[in-house]
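Notes to accompany the following structure.
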């Protein structure tokens, strides 16, 4: 199935959109969370980009994250496990 990529002008709300997601994610991961970052083109002010907020999270124990699948689904994420790359977890929303 072909995907159409739409690049848009920078949206000044991207940082706020990231912060909203961050505030939903932190309570789920709790003490397992090492750090959380807004990455990708939407993290760069004034750069045209796909309107997708990319978030990278580092955790202490990846197996413990799998146990939280339902909690991530409850806040709107699709939990796709490794999604083709060993040692990561891929979640998408929207």
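Where a number appears in this text, it was derived from the coordinates with a stated rule and is not lab data. If you're wondering where the values come from, they're calculated on a predicted model, not measured in any experiment. Backbone-built Cβ (ideal geometry, glycine too); neighbour counts: all protein chains shown.
The table that follows gives values for the structure above.
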| quantity | calculated |
| --- | --- |
| Two-site label geometry, residue 71 and residue 20: point separation in nm, points 7 Å out along Cα→Cβ | 2.2 nm |
| Rg over Rh [alpha-carbon atoms, Kirkwood Rh] for the chain | 0.98 |
| Paramagnetic reach from residue 83 (point 7 Å along Cα→Cβ, amide N under 12 Å) across the range 16-53 | 53 |
